[in-house]
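Beneath this line is the structure, given in C-alpha coordinates, with notes to follow.
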Amino acid sequence: MAVTVLIPTPLRPFAGGRDAIELEAASVGELLEQLTTEYAALRRHLFAGDGRLRSFVNVYVNDRDIRQLRHYQTPVAPGDTVSIIPSIAGGTAVEEQLPKLSHEEILRYSRHLILPDVGVAGQRKLKSARVLLVGAGGLGSPAALYLAAAGVGTIGIVDFDVVDQTNLQRQILHGTSRVGVSKLQSAEERLRDINPNVRVETFETRLTSENALDIIRNFDVVADGTDNFPTRYLVNDACVLLGKPNVYGSIFRFEGQASVFYAKEGPCYRCLYAEPPPPGLVPSCAEGGVLGVLPGIIGSIQALETIKLILGAGDSLIGRLLLFDALKLSFRELKLEKDPDCPVCGPRPTVTALIDYEAFCGVGAEPSYDGLEVTAAELAAEWKGHPDLLVLDVREPHEHEIARIEGAKLIPLSQLPDRLGDLDGHREIVTHCHHGARSLKALEILKAAGFSKVRSLRGGIDAWSVNVDSNVPRY
(Lines give C-alpha, C1' and ligand atoms only; values in the text may rest on other atoms or scores of the structure.)
Protein backbone atom coordinates (compact mmCIF):
# COMPACT_ATOMS: atom_id res chain seq x y z
CA MET A 1 0.00 0.00 0.00
CA ALA A 2 1.32 3.45 -0.98
CA VAL A 3 0.80 6.97 0.33
CA THR A 4 -2.20 8.71 -1.28
CA VAL A 5 -1.71 12.32 -2.34
CA LEU A 6 -4.99 14.21 -2.80
CA ILE A 7 -4.79 16.78 -5.60
CA PRO A 8 -7.11 19.82 -5.27
CA THR A 9 -9.17 20.96 -8.24
CA PRO A 10 -6.96 23.99 -9.18
CA LEU A 11 -3.90 21.77 -9.44
CA ARG A 12 -5.42 18.86 -11.34
CA PRO A 13 -4.70 20.30 -14.82
CA PHE A 14 -1.01 20.09 -13.88
CA ALA A 15 -1.30 16.51 -12.62
CA GLY A 16 -2.84 14.89 -15.66
CA GLY A 17 -6.36 15.68 -14.43
CA ARG A 18 -6.01 13.29 -11.52
CA ASP A 19 -7.61 13.87 -8.14
CA ALA A 20 -5.43 11.37 -6.28
CA ILE A 21 -1.98 9.94 -6.88
CA GLU A 22 -0.37 7.04 -5.07
CA LEU A 23 3.35 7.23 -4.38
CA GLU A 24 5.86 5.45 -2.21
CA ALA A 25 8.00 7.65 0.03
CA ALA A 26 9.32 7.84 3.58
CA SER A 27 8.89 11.57 4.24
CA VAL A 28 6.86 14.54 3.03
CA GLY A 29 9.93 16.05 1.38
CA GLU A 30 10.67 12.86 -0.51
CA LEU A 31 7.00 12.57 -1.46
CA LEU A 32 6.78 16.12 -2.84
CA GLU A 33 10.04 15.70 -4.75
CA GLN A 34 8.75 12.51 -6.35
CA LEU A 35 5.40 14.14 -7.10
CA THR A 36 6.93 17.17 -8.82
CA THR A 37 9.40 15.03 -10.71
CA GLU A 38 6.62 12.92 -12.20
CA TYR A 39 4.45 16.00 -12.78
CA ALA A 40 6.94 18.73 -13.63
CA ALA A 41 4.23 21.34 -14.20
CA LEU A 42 3.26 21.10 -10.52
CA ARG A 43 6.64 22.26 -9.26
CA ARG A 44 6.22 25.93 -10.01
CA HIS A 45 2.78 25.91 -8.37
CA LEU A 46 4.04 24.30 -5.15
CA PHE A 47 7.52 25.75 -4.78
CA ALA A 48 8.98 29.23 -5.07
CA GLY A 49 12.19 29.90 -6.96
CA ASP A 50 14.28 29.34 -3.84
CA GLY A 51 12.83 25.85 -3.41
CA ARG A 52 10.61 26.69 -0.45
CA LEU A 53 6.95 25.67 -0.31
CA ARG A 54 4.82 28.60 -1.45
CA SER A 55 3.19 30.57 1.36
CA PHE A 56 -0.32 30.02 -0.02
CA VAL A 57 0.07 26.21 -0.16
CA ASN A 58 -0.38 24.05 2.95
CA VAL A 59 0.33 20.34 3.23
CA TYR A 60 -1.42 17.99 5.64
CA VAL A 61 -0.52 14.42 6.60
CA ASN A 62 -3.84 12.83 7.43
CA ASP A 63 -5.39 15.70 9.45
CA ARG A 64 -2.19 17.36 10.71
CA ASP A 65 -0.49 20.41 9.19
CA ILE A 66 3.18 19.56 8.51
CA ARG A 67 4.14 22.98 9.96
CA GLN A 68 2.99 21.62 13.30
CA LEU A 69 4.92 18.39 12.78
CA ARG A 70 8.42 18.08 11.28
CA HIS A 71 7.74 19.94 8.04
CA TYR A 72 9.59 18.22 5.12
CA GLN A 73 10.99 15.63 7.50
CA THR A 74 7.50 14.55 8.59
CA PRO A 75 7.43 10.77 8.08
CA VAL A 76 4.74 9.15 5.94
CA ALA A 77 3.76 5.51 5.82
CA PRO A 78 1.68 3.27 3.55
CA GLY A 79 -1.99 4.09 4.03
CA ASP A 80 -1.38 7.74 4.97
CA THR A 81 -3.20 10.49 3.12
CA VAL A 82 -1.37 13.68 2.17
CA SER A 83 -3.53 16.66 1.24
CA ILE A 84 -2.30 19.70 -0.68
CA ILE A 85 -4.42 22.70 0.29
CA PRO A 86 -3.90 25.91 -1.73
CA SER A 87 -5.63 29.16 -0.92
CA ILE A 88 -8.79 29.54 -3.03
CA ALA A 89 -10.47 32.59 -1.49
CA GLY A 90 -11.52 34.96 -4.26
CA GLY A 91 -9.85 32.86 -6.92
CA THR A 92 -6.86 30.63 -6.42
CA ALA A 93 -3.46 32.09 -5.96
CA VAL A 94 -2.18 29.06 -7.91
CA GLU A 95 -4.06 30.22 -10.97
CA GLU A 96 -2.21 33.53 -10.73
CA GLN A 97 1.05 31.63 -11.27
CA LEU A 98 0.05 30.86 -14.85
CA PRO A 99 1.76 33.25 -17.26
CA LYS A 100 -0.21 36.31 -18.34
CA LEU A 101 -1.16 36.92 -21.96
CA SER A 102 0.19 40.04 -23.64
CA HIS A 103 -2.03 42.21 -25.83
CA GLU A 104 -0.32 40.74 -28.87
CA GLU A 105 -1.05 37.22 -27.66
CA ILE A 106 -4.68 38.05 -26.95
CA LEU A 107 -5.04 39.18 -30.54
CA ARG A 108 -3.04 36.22 -31.90
CA TYR A 109 -5.07 33.62 -29.99
CA SER A 110 -8.43 35.40 -30.25
CA ARG A 111 -10.11 32.45 -31.97
CA HIS A 112 -9.06 30.26 -29.04
CA LEU A 113 -10.11 32.76 -26.42
CA ILE A 114 -13.72 32.87 -27.61
CA LEU A 115 -13.99 29.07 -27.36
CA PRO A 116 -15.70 28.23 -24.05
CA ASP A 117 -13.49 25.14 -23.59
CA VAL A 118 -10.31 27.18 -24.01
CA GLY A 119 -10.79 30.79 -23.04
CA VAL A 120 -8.17 32.90 -21.28
CA ALA A 121 -7.51 30.26 -18.62
CA GLY A 122 -6.97 27.53 -21.21
CA GLN A 123 -4.67 29.70 -23.31
CA ARG A 124 -2.61 30.46 -20.23
CA LYS A 125 -2.33 26.71 -19.60
CA LEU A 126 -1.04 26.28 -23.15
CA LYS A 127 1.48 29.07 -22.61
CA SER A 128 2.64 27.39 -19.42
CA ALA A 129 2.93 23.91 -20.98
CA ARG A 130 6.09 22.11 -22.02
CA VAL A 131 5.82 19.54 -24.83
CA LEU A 132 8.63 17.32 -26.14
CA LEU A 133 8.58 16.12 -29.74
CA VAL A 134 10.72 13.07 -30.42
CA GLY A 135 11.62 13.57 -34.06
CA ALA A 136 11.30 16.53 -36.45
CA GLY A 137 10.27 14.43 -39.45
CA GLY A 138 6.97 13.41 -41.00
CA LEU A 139 4.92 13.28 -37.79
CA GLY A 140 6.89 15.86 -35.86
CA SER A 141 6.48 18.47 -38.61
CA PRO A 142 2.70 19.03 -38.45
CA ALA A 143 2.66 18.46 -34.70
CA ALA A 144 5.32 21.13 -34.16
CA LEU A 145 3.65 23.61 -36.49
CA TYR A 146 0.24 23.35 -34.87
CA LEU A 147 1.53 23.28 -31.29
CA ALA A 148 3.57 26.41 -31.94
CA ALA A 149 0.66 28.14 -33.64
CA ALA A 150 -1.61 27.15 -30.74
CA GLY A 151 0.70 28.87 -28.26
CA VAL A 152 2.29 25.99 -26.39
CA GLY A 153 4.88 27.89 -24.38
CA THR A 154 7.85 25.54 -24.67
CA ILE A 155 8.41 23.02 -27.44
CA GLY A 156 11.34 20.66 -27.11
CA ILE A 157 12.58 18.71 -30.13
CA VAL A 158 14.94 15.73 -30.19
CA ASP A 159 16.55 14.99 -33.56
CA PHE A 160 20.05 14.47 -34.95
CA ASP A 161 19.43 14.35 -38.70
CA VAL A 162 19.83 16.86 -41.52
CA VAL A 163 17.20 17.82 -44.07
CA ASP A 164 17.33 15.59 -47.15
CA GLN A 165 15.59 16.21 -50.44
CA THR A 166 13.53 13.03 -49.99
CA ASN A 167 12.09 14.55 -46.76
CA LEU A 168 10.37 17.43 -48.53
CA GLN A 169 7.46 15.35 -49.86
CA ARG A 170 6.00 15.06 -46.35
CA GLN A 171 8.14 16.89 -43.76
CA ILE A 172 6.47 20.28 -44.15
CA LEU A 173 8.47 21.85 -41.33
CA HIS A 174 11.40 22.09 -43.77
CA GLY A 175 11.85 23.68 -47.19
CA THR A 176 14.07 23.31 -50.22
CA SER A 177 16.44 26.01 -49.00
CA ARG A 178 17.05 23.96 -45.83
CA VAL A 179 18.38 20.83 -47.60
CA GLY A 180 21.64 19.84 -45.92
CA VAL A 181 20.86 21.90 -42.81
CA SER A 182 20.29 20.41 -39.36
CA LYS A 183 16.61 19.57 -38.89
CA LEU A 184 16.72 21.22 -35.49
CA GLN A 185 18.03 24.47 -36.92
CA SER A 186 15.44 24.34 -39.69
CA ALA A 187 12.64 23.56 -37.21
CA GLU A 188 13.64 26.28 -34.76
CA GLU A 189 13.73 28.96 -37.46
CA ARG A 190 10.34 27.91 -38.82
CA LEU A 191 8.63 27.72 -35.43
CA ARG A 192 9.98 31.09 -34.32
CA ASP A 193 8.61 32.57 -37.54
CA ILE A 194 5.20 31.03 -36.88
CA ASN A 195 5.09 32.21 -33.26
CA PRO A 196 7.91 34.24 -31.70
CA ASN A 197 6.24 33.82 -28.29
CA VAL A 198 7.14 30.12 -28.24
CA ARG A 199 10.36 28.92 -26.67
CA VAL A 200 12.07 26.15 -28.67
CA GLU A 201 14.47 23.83 -26.85
CA THR A 202 16.56 21.61 -29.11
CA PHE A 203 18.38 18.37 -28.31
CA GLU A 204 20.67 17.45 -31.21
CA THR A 205 21.27 13.88 -30.15
CA ARG A 206 19.95 10.39 -30.55
CA LEU A 207 17.56 9.56 -27.70
CA THR A 208 19.18 6.76 -25.69
CA SER A 209 18.75 4.91 -22.44
CA GLU A 210 21.46 7.14 -20.99
CA ASN A 211 19.81 10.51 -21.75
CA ALA A 212 16.07 9.82 -22.16
CA LEU A 213 15.02 10.28 -18.53
CA ASP A 214 16.98 13.52 -18.17
CA ILE A 215 15.49 14.96 -21.36
CA ILE A 216 11.88 13.83 -20.86
CA ARG A 217 11.70 14.60 -17.12
CA ASN A 218 11.21 18.34 -17.54
CA PHE A 219 8.33 18.13 -20.02
CA ASP A 220 4.61 17.70 -19.38
CA VAL A 221 3.68 15.71 -22.51
CA VAL A 222 5.73 13.69 -25.01
CA ALA A 223 4.67 13.33 -28.66
CA ASP A 224 6.35 10.30 -30.25
CA GLY A 225 7.19 10.77 -33.92
CA THR A 226 9.89 8.11 -34.14
CA ASP A 227 10.42 5.80 -37.11
CA ASN A 228 12.08 2.79 -35.47
CA PHE A 229 11.10 0.25 -32.84
CA PRO A 230 14.01 0.64 -30.38
CA THR A 231 13.27 4.34 -29.89
CA ARG A 232 9.52 3.73 -29.71
CA TYR A 233 9.93 1.26 -26.84
CA LEU A 234 12.47 3.56 -25.20
CA VAL A 235 10.04 6.51 -25.28
CA ASN A 236 7.25 4.34 -23.90
CA ASP A 237 9.27 2.98 -20.99
CA ALA A 238 10.72 6.38 -20.09
CA CYS A 239 7.24 7.92 -20.07
CA VAL A 240 5.90 5.12 -17.85
CA LEU A 241 8.80 5.46 -15.40
CA LEU A 242 8.35 9.25 -15.24
CA GLY A 243 4.55 9.23 -15.25
CA LYS A 244 4.28 11.22 -18.50
CA PRO A 245 1.58 10.89 -21.19
CA ASN A 246 2.94 9.57 -24.48
CA VAL A 247 1.02 10.79 -27.56
CA TYR A 248 1.64 8.07 -30.13
CA GLY A 249 1.48 8.16 -33.91
CA SER A 250 2.71 5.83 -36.64
CA ILE A 251 2.39 5.75 -40.42
CA PHE A 252 3.05 3.36 -43.31
CA ARG A 253 2.08 3.72 -46.96
CA PHE A 254 -1.63 4.71 -46.76
CA GLU A 255 -2.39 3.78 -43.15
CA GLY A 256 -1.85 5.44 -39.79
CA GLN A 257 -2.39 4.87 -36.08
CA ALA A 258 -2.77 7.22 -33.13
CA SER A 259 -3.32 6.81 -29.40
CA VAL A 260 -2.34 8.25 -26.03
CA PHE A 261 -0.39 5.87 -23.82
CA TYR A 262 -0.58 7.02 -20.21
CA ALA A 263 0.10 4.27 -17.70
CA LYS A 264 -1.41 6.24 -14.80
CA GLU A 265 -4.81 6.19 -16.49
CA GLY A 266 -4.69 3.44 -19.12
CA PRO A 267 -2.46 1.09 -21.11
CA CYS A 268 1.04 1.78 -22.36
CA TYR A 269 2.57 0.88 -25.73
CA ARG A 270 3.82 -2.46 -24.39
CA CYS A 271 0.25 -3.36 -23.40
CA LEU A 272 -0.57 -3.11 -27.11
CA TYR A 273 2.63 -4.60 -28.51
CA ALA A 274 4.44 -6.63 -25.86
CA GLU A 275 7.32 -7.44 -28.22
CA PRO A 276 8.69 -5.85 -31.38
CA PRO A 277 8.59 -7.63 -34.74
CA PRO A 278 11.79 -9.34 -35.91
CA PRO A 279 14.27 -6.92 -37.53
CA GLY A 280 13.43 -6.26 -41.16
CA LEU A 281 9.94 -7.79 -41.05
CA VAL A 282 8.22 -4.39 -41.13
CA PRO A 283 9.77 -2.22 -43.86
CA SER A 284 10.53 1.41 -43.14
CA CYS A 285 8.94 4.27 -45.05
CA ALA A 286 12.18 4.50 -47.03
CA GLU A 287 11.59 0.95 -48.29
CA GLY A 288 7.80 0.74 -48.28
CA GLY A 289 6.90 4.34 -49.05
CA VAL A 290 4.37 6.68 -47.46
CA LEU A 291 1.73 9.00 -48.90
CA GLY A 292 3.01 12.51 -48.22
CA VAL A 293 -0.22 13.86 -46.73
CA LEU A 294 -0.65 10.90 -44.33
CA PRO A 295 1.80 12.12 -41.64
CA GLY A 296 0.06 15.49 -41.86
CA ILE A 297 -3.19 13.85 -40.77
CA ILE A 298 -1.72 11.66 -38.03
CA GLY A 299 0.69 14.33 -36.79
CA SER A 300 -2.19 16.82 -36.55
CA ILE A 301 -4.13 14.29 -34.48
CA GLN A 302 -1.12 14.04 -32.18
CA ALA A 303 -1.10 17.83 -31.83
CA LEU A 304 -4.83 17.80 -31.09
CA GLU A 305 -4.50 15.13 -28.40
CA THR A 306 -1.59 17.01 -26.84
CA ILE A 307 -3.61 20.22 -26.65
CA LYS A 308 -6.58 18.38 -25.14
CA LEU A 309 -4.34 16.90 -22.46
CA ILE A 310 -2.99 20.33 -21.57
CA LEU A 311 -6.45 21.87 -21.43
CA GLY A 312 -8.06 18.91 -19.70
CA ALA A 313 -10.77 19.10 -22.38
CA GLY A 314 -12.76 16.42 -24.16
CA ASP A 315 -12.12 12.70 -24.25
CA SER A 316 -8.54 11.76 -24.98
CA LEU A 317 -7.35 8.68 -26.87
CA ILE A 318 -6.21 7.05 -23.62
CA GLY A 319 -7.39 3.44 -23.87
CA ARG A 320 -8.30 3.81 -27.54
CA LEU A 321 -6.36 3.06 -30.74
CA LEU A 322 -7.40 5.10 -33.75
CA LEU A 323 -6.81 3.46 -37.14
CA PHE A 324 -6.88 5.53 -40.34
CA ASP A 325 -7.06 4.21 -43.90
CA ALA A 326 -6.37 6.99 -46.40
CA LEU A 327 -7.47 5.00 -49.46
CA LYS A 328 -10.87 4.27 -47.95
CA LEU A 329 -10.92 7.56 -46.04
CA SER A 330 -12.10 5.67 -42.99
CA PHE A 331 -11.42 5.79 -39.28
CA ARG A 332 -11.82 2.81 -36.98
CA GLU A 333 -11.38 2.71 -33.25
CA LEU A 334 -10.28 -0.19 -31.07
CA LYS A 335 -10.56 -0.34 -27.30
CA LEU A 336 -7.28 -0.93 -25.47
CA GLU A 337 -6.95 -2.49 -22.04
CA LYS A 338 -4.05 -2.53 -19.61
CA ASP A 339 -2.14 -5.80 -19.72
CA PRO A 340 -1.99 -7.17 -16.16
CA ASP A 341 1.27 -8.86 -17.10
CA CYS A 342 2.81 -5.77 -18.72
CA PRO A 343 6.51 -5.79 -17.78
CA VAL A 344 6.68 -2.01 -17.38
CA CYS A 345 3.26 -0.70 -16.25
CA GLY A 346 1.75 -3.85 -14.72
CA PRO A 347 1.39 -4.44 -10.98
CA ARG A 348 4.56 -6.54 -10.94
CA PRO A 349 6.91 -4.75 -13.34
CA THR A 350 10.13 -6.38 -14.39
CA VAL A 351 11.34 -3.33 -16.32
CA THR A 352 12.12 -0.77 -13.63
CA ALA A 353 14.92 1.01 -15.47
CA LEU A 354 15.72 1.74 -19.09
CA ILE A 355 17.30 -1.19 -20.93
CA ASP A 356 19.28 -1.83 -24.13
CA TYR A 357 16.47 -1.28 -26.65
CA GLU A 358 18.48 -2.19 -29.73
CA ALA A 359 19.19 -5.58 -28.18
CA PHE A 360 15.53 -5.89 -27.11
CA CYS A 361 14.44 -5.24 -30.70
CA GLY A 362 17.05 -7.62 -32.13
CA VAL A 363 19.13 -4.91 -33.79
CA GLY A 364 22.63 -6.27 -34.26
CA ALA A 365 21.45 -9.86 -34.00
CA GLU A 366 21.11 -10.20 -37.75
CA PRO A 367 23.31 -12.76 -39.55
CA SER A 368 26.79 -11.68 -40.55
CA TYR A 369 27.23 -10.92 -44.23
CA ASP A 370 31.02 -10.58 -44.23
CA GLY A 371 32.31 -11.28 -47.71
CA LEU A 372 28.78 -11.55 -49.12
CA GLU A 373 28.34 -7.87 -50.02
CA VAL A 374 29.90 -5.96 -52.88
CA THR A 375 30.15 -2.20 -53.35
CA ALA A 376 28.73 -0.45 -56.39
CA ALA A 377 32.20 0.38 -57.73
CA GLU A 378 33.37 -3.22 -57.24
CA LEU A 379 30.28 -4.57 -58.99
CA ALA A 380 30.75 -2.18 -61.95
CA ALA A 381 34.37 -3.27 -62.44
CA GLU A 382 33.60 -6.97 -62.01
CA TRP A 383 30.56 -6.89 -64.31
CA LYS A 384 32.61 -5.21 -67.03
CA GLY A 385 35.14 -8.05 -66.95
CA HIS A 386 32.54 -10.82 -66.50
CA PRO A 387 29.45 -9.99 -68.56
CA ASP A 388 27.90 -13.38 -67.63
CA LEU A 389 27.46 -12.15 -64.04
CA LEU A 390 23.74 -11.87 -63.23
CA VAL A 391 22.52 -8.77 -61.40
CA LEU A 392 19.18 -9.65 -59.86
CA ASP A 393 16.77 -6.80 -59.05
CA VAL A 394 14.40 -7.89 -56.25
CA ARG A 395 12.41 -4.64 -56.01
CA GLU A 396 8.77 -4.27 -56.99
CA PRO A 397 7.77 -3.56 -60.63
CA HIS A 398 6.63 0.00 -59.81
CA GLU A 399 10.11 0.72 -58.40
CA HIS A 400 11.67 -0.73 -61.55
CA GLU A 401 9.73 1.87 -63.53
CA ILE A 402 11.27 4.67 -61.45
CA ALA A 403 14.89 3.62 -61.93
CA ARG A 404 16.77 0.53 -63.10
CA ILE A 405 20.28 -0.78 -63.67
CA GLU A 406 20.55 -1.66 -67.33
CA GLY A 407 21.04 -5.39 -67.82
CA ALA A 408 19.62 -6.42 -64.44
CA LYS A 409 16.95 -9.12 -64.25
CA LEU A 410 13.78 -8.27 -62.28
CA ILE A 411 12.28 -10.85 -59.93
CA PRO A 412 10.46 -9.21 -56.98
CA LEU A 413 11.43 -10.59 -53.59
CA SER A 414 7.87 -11.79 -52.95
CA GLN A 415 8.02 -13.94 -56.10
CA LEU A 416 11.58 -15.21 -55.68
CA PRO A 417 10.83 -18.50 -53.81
CA ASP A 418 8.46 -19.53 -56.63
CA ARG A 419 10.77 -18.49 -59.46
CA LEU A 420 14.04 -20.12 -58.50
CA GLY A 421 13.78 -22.16 -61.68
CA ASP A 422 14.25 -18.96 -63.68
CA LEU A 423 17.83 -18.73 -62.42
CA ASP A 424 20.97 -20.60 -63.39
CA GLY A 425 22.54 -21.99 -60.21
CA HIS A 426 26.01 -22.03 -61.82
CA ARG A 427 26.15 -18.29 -62.53
CA GLU A 428 27.55 -15.61 -60.26
CA ILE A 429 24.58 -13.66 -58.89
CA VAL A 430 24.50 -10.23 -57.23
CA THR A 431 21.15 -9.24 -55.78
CA HIS A 432 20.10 -5.61 -55.43
CA CYS A 433 17.16 -3.56 -54.15
CA HIS A 434 16.68 0.08 -53.17
CA HIS A 435 19.06 0.41 -50.22
CA GLY A 436 20.30 -3.13 -49.60
CA ALA A 437 17.95 -4.65 -47.00
CA ARG A 438 15.73 -6.71 -49.29
CA SER A 439 18.65 -7.90 -51.39
CA LEU A 440 20.15 -9.50 -48.27
CA LYS A 441 16.87 -11.36 -47.72
CA ALA A 442 17.04 -12.50 -51.33
CA LEU A 443 20.61 -13.68 -50.73
CA GLU A 444 19.40 -15.79 -47.79
CA ILE A 445 16.62 -17.33 -49.88
CA LEU A 446 19.04 -18.21 -52.67
CA LYS A 447 21.67 -19.60 -50.30
CA ALA A 448 19.05 -21.77 -48.58
CA ALA A 449 18.00 -23.08 -52.00
CA GLY A 450 21.55 -24.18 -52.84
CA PHE A 451 22.81 -21.22 -54.85
CA SER A 452 26.44 -20.91 -53.80
CA LYS A 453 27.72 -17.95 -55.82
CA VAL A 454 25.49 -15.16 -54.44
CA ARG A 455 26.36 -11.72 -53.12
CA SER A 456 24.38 -8.55 -52.42
CA LEU A 457 24.93 -4.98 -53.63
CA ARG A 458 25.62 -2.87 -50.54
CA GLY A 459 23.50 0.28 -50.60
CA GLY A 460 21.37 -0.97 -53.49
CA ILE A 461 20.52 0.99 -56.60
CA ASP A 462 20.88 4.19 -54.60
CA ALA A 463 24.60 3.49 -54.14
CA TRP A 464 24.85 2.60 -57.84
CA SER A 465 23.40 6.00 -58.77
CA VAL A 466 25.74 7.87 -56.41
CA ASN A 467 28.95 5.99 -57.20
CA VAL A 468 28.61 4.54 -60.70
CA ASP A 469 25.89 5.97 -62.93
CA SER A 470 24.35 9.34 -62.05
CA ASN A 471 21.90 8.94 -64.96
CA VAL A 472 20.01 6.45 -62.78
CA PRO A 473 17.47 8.56 -60.82
CA ARG A 474 17.58 8.46 -57.03
CA TYR A 475 14.32 8.06 -55.13
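The values are calculated or read from the model by the stated rules, or taken from the named source; none is laboratory data. It should be emphasised that the depicted structure is a prediction, and the values quoted were computed from it without experimental measurement. Don't worry about glycine lacking a Cβ; one is built from the backbone with ideal geometry, like all the others, and counts go over all protein chains shown. Surface accessibility is based on the protein's heavy atoms, side chains included, excluding ligands, DNA and RNA. Shrake-Rupley method; radii C 1.70, N 1.55, O 1.52, S 1.80 Å.
Carbon and sulfur: what percent of region 52-158's accessible surface (1.4 Å probe)? Spell out each step's value before the answer.
Numbers: 2730 of 4950 Å².
Answer for region 52-158 is 55 percent, counting heavy atoms of protein chains only.
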Problem - Gyration tensor (alpha-carbon) shape descriptor, region 117-222, a/c threshold 1.5 - result: oblate
Fill in the blank from the handout: Along region 195-212, Karplus-curve 3J(HN,Hα) (6.51, -1.76, 1.60; θ = phi - 60°) to the nearest Hz, with x for Gly and Pro, reads 8, x, 7, 8, 8, 10, 10, 10, 10, 7, 7, 7, 5, 9, 5, 7, 10, 4
Practice task
Could you pull out every residue, at least 5 positions away or on a different chain, whose amide H is within less than 5 Å of the one on Glu201? Hs are placed 1.01 Å off N in the peptide plane, and Pro or chain starts have none.
Solution key: Ile155, Gly156, Ile157
Problem - Net lengthening on full extension, Thr350/Lys441 (0.36 nm per residue, minus Cα-Cα) - result: 29.3 nm
Exercise for the section: May I ask which residue of Leu317, Ser55, Val374 lies farthest towards the positive end of the charge dipole of the chain, with charges of +1 (Lys, Arg) and -1 (Asp, Glu) on Cβ and the Cα centre as origin? Expected result: Ser55
Completion exercise
Counting only protein heavy atoms and leaving out ligands, DNA and RNA, the solvent-accessible surface of Tyr357 at a 1.4 Å probe, in Å² to the nearest 10, equals 10
Exercise for the section: Please give the solvent-accessible surface of Arg253 in Å², to the nearest 10, using a probe radius of 1.4 Å with every protein chain present. Expected result: 110
Problem - Dipole magnitude of region 191-307, debye to nearest 20 (Cβ charges: Lys/Arg +1, Asp/Glu -1, about Cα centre) - result: 120
Handout entry: Folded to 0 to 90 degrees: helix 183-194 orientation relative to the chain principal axis, Cα
Key = 50
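Give the shape of region 261-306 as rounded, prolate or oblate, defined through the alpha-carbon gyration tensor: a ≥ b ≥ c are the square roots of its eigenvalues, a/c under 1.5 means rounded, and otherwise the shape is prolate if a/b is larger than b/c and oblate if not. Mind dumping the intermediate values first?
Values: a/c = 5.10, a/b = 1.14, b/c = 4.47.
Taking the square roots of the gyration eigenvalues as a ≥ b ≥ c, region 261-306 is oblate.
For a test of the definition: using alpha carbon positions, the gyration tensor, and the 1.5 limit on a/c, classify region 287-383 as rounded, prolate or oblate. Numbers along the way, then the final one.
Details: a/c = 3.09, a/b = 1.51, b/c = 2.04.
It is oblate, given that a/c is not under 1.5 and a/b is not larger than b/c.
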Fill in the blank from the handout: Restricting to aspartates and glutamates and to Cα separations under 19 Å from Lys328, and discarding same-chain partners fewer than 8 apart, the set is Glu255
Problem - Hz values of 3J(HN,Hα) by residue in region 57-66 - Karplus curve (6.51, -1.76, 1.60), Gly and Pro given as x - result: 10, 10, 10, 10, 9, 6, 10, 10, 5, 5
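How charged is the neighbourhood of Pro349? Take every other residue with its Cβ under 14 Å from the Cβ of Pro349, and add Lys/Arg as +1 and Asp/Glu as -1.
Working: positive: Lys264, Arg270, Lys338, Arg348; negative: Glu24, Asp237, Asp339, Asp341.
Cβ neighbours under 14 Å give a net charge of 0.
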Practice task
Compute the long axis of helix 437-448 from its Cα atoms, compare it with the longest principal axis of the Cα atoms of the chain, and write down the angle in degrees, 0 to 90, nearest 10.
Solution key: 50
Handout entry: Folded to 0 to 90 degrees: helix 28-38 orientation relative to the chain principal axis, Cα
Key = 40
Practice task
Would you mind pulling out the separation of the Cα centroids of region 1-31 and region 425-439, in Å?
Solution key: 59
Practice task
Check the straight Cα-Cα distances from Lys335 and name the lysines below 20 Å, setting aside those fewer than 8 residues away within the same chain.
Solution key: Lys264, Lys308
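Could you give the size of the charge dipole of the chain about its Cα centre, using +1 on the Cβ of each K and R and -1 on the Cβ of each D and E, expressed in debye and rounded to the nearest 20? Show your work: numbers first, answer last.
Details: 49 positive and 60 negative charges, 266 e Å.
Dipole about the Cα centre, nearest 20: 1280 debye.
Please sort 57-65, 258-266 by packing, taking for each peptide the average over its residues of neighbouring beta carbons within 10 angstrom, highest first.
Values: 57-65: 15.2, 258-266: 23.8.
Sorting 57-65, 258-266 by mean packing, highest first, produces 258-266, 57-65.
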Completion exercise
Straight-line reach check, Lys453, cutoff 27 Å on alpha carbons, 8 or more apart in-chain or any other chain, hits among lysines -> Lys384, Lys409, Lys441
Completion exercise
Going residue by residue through region 16-26, the Karplus relation 6.51 cos²θ - 1.76 cosθ + 1.60 with θ = phi - 60° gives ³J(HN,Hα) values, rounded to whole Hz and with x marking Gly or Pro, of x, x, 7, 9, 8, 9, 9, 9, 10, 7, 9
Completion exercise
Rounded to whole angstrom, the alpha-carbon centroid of region 153-170 lies from that of region 243-317 at a distance of 17
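Can you give the FRET efficiency for Glu33 and Asp164, using 1/(1 + (r/R0)^6), R0 = 35 Å, r = Cβ-Cβ distance, to the nearest 0.05? Spell out each step's value before the answer.
Values: r = 43 Å, r/R0 = 1.24.
The value I calculate is 0.20.
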